[in-house]
Amino acid sequence: MLYWNKRLFELSMGDAAEEKIRKAAIVSAVLGFFAHIAIWALFRTERISITGEASELVSSPLSALYTPFSILLVYEVYQLIRTIPDSFSSSVGKQYEIATLLVVRDILKRLSEVESSEGWEISSDLGFLLVECGAFLALFYTSLTYFRISNGADKSGDMSDDIVIFVEAKRGVANTMLLVFLSVAAYSFWTWIESVQEGGGSVSRVIFFLDFFTFLILADILILLISYWFYTDFGNLARNTGFVLSTVIIRVAISSEGVSAMVLFTLSGLLGIAILRMFDPNIPSRTPRVSSDVIRISERNDT
């Protein structure tokens, strides 16, 4: 059983599989971008007609950025599932990446809808855009901090039998979450297509991500309970419980609208930073340098 569990993980989420899926995601993002631009051009020249709520996807050429970002977000979800067997903190770090990209995608979508105002007056759209940018900075800082910690952590090659069993249990959770991911993605896409045919088709971060994060919370709680079988100290339990709480806040933020959503996204980032500061006292207080983190991220192949 353990052999097939590990074998299934290697076939679907091993290094070789990840490399193929990464390249496929990049190619799909590029093709999706040009396809979206082409649809917008056909719509503007009245070669095709798009009615209903789906017309917001062709309201501006900036709307074409929605498609490649959506594909990259799907790839990041796959990466998140791959990190489940590594550590709780690594998985949560990927959650912050996804939340960051969700906010960025919303910002890009909003930029095509912002209306200018005269003089010094700040419109409500522009004010909310500033709030979204603030939430993006908080989440971006949190993601970089997680990367810096995971890069600097010492990883021992020797594992006790208990740790091996724990890792295999998390691989089983990851394999299950991959099936959930594919099922939720197929269901979300199908229901969106049906909505477009009925005159709907509005796009938001609720599509797919709300359902997926619901299952992700259940997976995190399961891993938390399994970990308590091997590690009974309160500090480890409190740390992982804090990470689960952060995931719950992200899920609530996804289902929320307006300023409340941005406040919750920012709160999740602040909570993650606070947990890291409390349980990793050796972290320097200065902000990580983006250039060095980007170099290290590329060298690690997003693992």
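Computed from the coordinates by the stated procedures, all read-outs in this text should not be read as laboratory data. This structure is a prediction, so every number in the text was calculated from the model and none was measured. Cβ placement follows ideal geometry from the backbone for every residue including glycine, while neighbour counts extend to all protein chains displayed.
Beta carbons within 10 angstrom, averaged per residue: use that to sort the peptides 216-223, 10-17, highest first. Please list the in-between numbers first.
Details: 216-223: 19.0, 10-17: 14.1.
Highest mean packing first, the order is 216-223, 10-17.
Arranged from highest to lowest average of other beta-carbon atoms within 10 Å per residue, in what order do the peptides 80-90, 42-52 appear?
Packing order, densest peptide first, comes out as 80-90, 42-52.
Let me understand the range 193-247 better: what is its radius of gyration from the alpha carbons, and its Dmax, in angstrom?
17.5, 55
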